[in-house]
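**Student:** Have a look at the structure that comes next, please.
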Amino acid sequence: MAHSFPSNYEEARQSFLKAANSVSAEMDVCLHSEKGFQGEDMAIDVAWLGARDASKVLVAISATHGVEGLYGSGCQTAWLQEFKQGSLPADTAVMVIHALNPYGFSWLRRVNEDNMDINRNHVNFEAGPPANESYEDIHAWLLPDEWTPASQLNLQEQIMVYLGQKGIRAGTRAVTGGQYRHADGIFYGGTQLCWSNRQLNKLAQKYLQNAKLIAVLDHHTGLGPSGHTELICRHPVDSPSLALARQWWGADVTSPASGESASEVIDGNVRMAFVHLCPQATVVSIAMEVGTQAQTQVMAALFADNWLYQKGEPQSPQGLAIRQQVRDAFFVDTPEWREKAMARGLVIWQDGLTGMHNTKV
């Protein structure tokens, strides 16, 4: 079967629901209170296949970073379209969480309705959010009065000088590591658990308390060589979970804690929350991270998007151009990229199920 990626959130949702219903998946829905870019309803949709009391569950998430749902939703729907009844290994279920951040998916933003990066938000706010003092150095630069070629060039030059002073690793962590003070800034983690993560907690409580082994596949784009899928694993270096990830998926598994990954070490990670939400289970979480454009282009798109929603007009010609810029930064609309990303994505799903089947619990 030739698979395709959706062109927008509404198309993605309808294709996902059709595919899930066609295989008689058990469905659940968390309806969002706001409307989407085209005035459509927005929701986190969940499809469950397999026994509810299965001890092994593969959880597949899309659109943690909204716009990246173009890739993730495509993989989820394609897997459902290929699914054959009775094909799951014994004592195994699959939970597909479609559009964890539906606002970002619909509006083609990485953040949610509160300008939060929900992948920096799943922290213990009662204990106090993580500190990122270095972000204070750059925040003021990000919101010039106007978004012109001159202001963009000036921002780019300031960031490059900063990276030169701090070093690439330290400077990149200051920019992308997450910050909890500036609601109008980038990579903002918030001051309390956001709607998406509150729903995730409820879903984990509802569906996953019988599981003894959980594999979490969180679909992402925008980091690394274009078309290559890196499997980012944030479990501790000497943990059984990292060892299982390497056993199941091989050489593409990288560890940020070991400095192997293109990603920085970050706090508030969504897929790692399952470790705390499901303490009875061994959790093996990875991000399927597909490269798109050069990192400078991706960051330029995020800077532009943040400026637009703080000081610009999203529906203006400039706003629509920035929206397209963000889309291009997180989804490469070429046959070659599409085919490579889809083929690798489906193999990762299958390798996860095979690995779980071969692991004793």
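The values are calculated or read from the model by the stated rules, or taken from the named source; none is laboratory data. What you are looking at is a predicted structure, and each value in this text was computed from that prediction instead of being measured. In this analysis, Cβ positions are derived from the backbone assuming ideal geometry, glycine residues included, and neighbour counts consider all displayed protein chains. Heads up: the accessible areas ignore ligands, DNA and RNA and are worked out on the full protein's heavy atoms, side chains in. Shrake-Rupley method; radii C 1.70, N 1.55, O 1.52, S 1.80 Å.
**Student:** For the range 1-48, taking Cα atoms only, what is the radius of gyration to one decimal and the Dmax to the nearest whole Å?
**Tutor:** 11.7, 36
**Student:** Return the inverse of the average 1/r over all pairs of distinct C-alpha atoms in the range 1-140, which is the Kirkwood hydrodynamic radius, in Å to one decimal.
**Tutor:** Kirkwood radius, the range 1-140: 16.3 Å.
**Student:** Please list, short to long, the whole-number percent of alpha-carbon pairs of the chain in consecutive 20 angstrom bins beginning at zero.
**Tutor:** 31, 60, 9, 0
**Student:** In the chain, once you exclude exposed GluC sites (Glu not before Pro) (DSSP loop, at most 14 other Cβ within 10 angstrom), what's the longest stretch remaining?
**Tutor:** That gives 1-145 as the longest site-free run.
**Student:** In percent, what relative contact order does the range 25-66 have, based on Cα pairs under 8 Å that are 6 or more apart in sequence?
**Tutor:** Relative contact order of the range 25-66: 35 percent.
**Student:** As I understand it, the value is the acute angle between the Cα axis of helix 9-22 and the longest principal axis of the Cα atoms of the chain; what does it come to in degrees, rounded to 10?
**Tutor:** Tilt relative to the chain: about 0 degrees.
**Student:** Let me ask something else. Please report the relative contact order for the range 52-125, taking Cα pairs under 8 Å with a sequence separation of at least 6, and give it as a percent rounded to a whole number.
**Tutor:** 42
**Student:** Helix-only estimate, please: 222 nm mean residue ellipticity of the chain, summing -39500 (n - 2.57) across DSSP H runs of length 4 or more and dividing by its residues, to the nearest 500.
**Tutor:** Value at 222 nm, helices only, nearest 500: -12500 deg cm²/dmol.
**Student:** Using label points projected 7 Å from each Cα along Cα→Cβ, tell me how many nm separate Asp53 and Val361, to one decimal.
**Tutor:** Reported label-point gap for Asp53 and Val361 is 1.3 nm.
**Student:** Note the count of lysine pairs whose C-alpha atoms are less than 29 angstrom apart in the chain, limited to pairs 8 or more residues apart or on different chains.
**Tutor:** 25
**Student:** Which order do the peptides 312-324, 178-190 take when ranked by the mean count of other beta-carbon atoms within 10 Å per residue, highest first?
**Tutor:** Descending packing order for the listed peptides: 178-190, 312-324.
**Student:** Then there's this: Which whole number of Å³ per residue matches the convex hull of the alpha-carbon atoms in the range 81-164?
**Tutor:** Given the Cα convex hull of the range 81-164, per-residue volume reads 235 Å³.
**Student:** When all C-alpha to C-alpha distances in the range 317-360 are sorted into bins of 10 Å, what percent of pairs does each bin hold, rounded to whole numbers?
**Tutor:** Bin by bin from 0 Å, the calculated values are 24, 28, 24, 16, 7, 1.
**Student:** If each of Gln156 and Ser22 carries a label point 7 Å out from its Cα toward its Cβ, how far apart are those two points in nm?
**Tutor:** For the pair Gln156/Ser22, the computed spacing is 4.3 nm.
**Student:** Continuing with this model, one more query. Kindly report the accessible area of the chain per residue (heavy atoms of protein chains, probe 1.4 Å, no ligands, DNA or RNA), in Å².
**Tutor:** 40
**Student:** Hey, another quick one. Where does helix 335-357 land angle-wise versus the long Cα axis of the chain, in degrees 0 to 90, nearest 10?
**Tutor:** So the helix axis and the longest Cα principal axis differ by about 50 degrees.
**Student:** What shape does the range 283-323 have by the C-alpha gyration tensor, where a ≥ b ≥ c are the square roots of the eigenvalues, rounded means a/c under 1.5, and otherwise prolate means a/b greater than b/c and oblate the rest?
**Tutor:** prolate
**Student:** Continuing with the same structure: Out of Ala131, Gly104, Gln280, whose Cα points farthest toward the positive end of the dipole of the chain (charges: +1 Lys, Arg; -1 Asp, Glu; placed on Cβ)?
**Tutor:** Gln280
**Student:** Once you put a point 7 Å from the Cα of Ser226 and another 7 Å from the Cα of Ser316, both along the Cβ direction, what distance in nm separates them?
**Tutor:** 3.0
**Student:** Hey, another quick one. If all Cα-Cα distances of the range 57-214 are sorted into 5 Å bins from 0 onward, what percent lands in each bin, rounded to whole numbers?
**Tutor:** 2, 8, 13, 15, 17, 15, 11, 8, 6, 4, 2, 1, 0
**Student:** Could you go through the range 170-182 in sequence order and give the Karplus-derived ³J(HN,Hα) for each residue, using 6.51 cos²θ - 1.76 cosθ + 1.60 with θ = phi - 60°, rounded to whole Hz, and x for Gly and Pro?
**Tutor:** Values, residue by residue: 5, x, 5, 5, 4, 6, 9, x, x, 9, 10, 10, 10 Hz.
**Student:** Right, here's the next one. Relative to the longest principal axis of the chain, what angle (0 to 90°, nearest 10) does the C-alpha long axis of helix 295-311 take?
**Tutor:** Taking Cα atoms only, the helix is inclined about 70 degrees.
**Student:** Carbon and sulfur atoms: what percent of the 1.4 Å accessible area of the range 27-172 do they account for?
**Tutor:** Result for the range 27-172: 51 percent of the exposed heavy-atom area is carbon or sulfur.
**Student:** Oh, and also: Sorted by average packing, counted as other Cβ atoms within 10 angstrom per residue and highest first, what order do 267-273, 43-49 take?
**Tutor:** 267-273, 43-49
**Student:** With an 8 Å Cα cut-off and a minimum separation of 6 or more residues, compute the relative contact order for the chain in percent.
**Tutor:** Taking the mean separation of contacting Cα pairs over the length of the chain, I get 20 percent.
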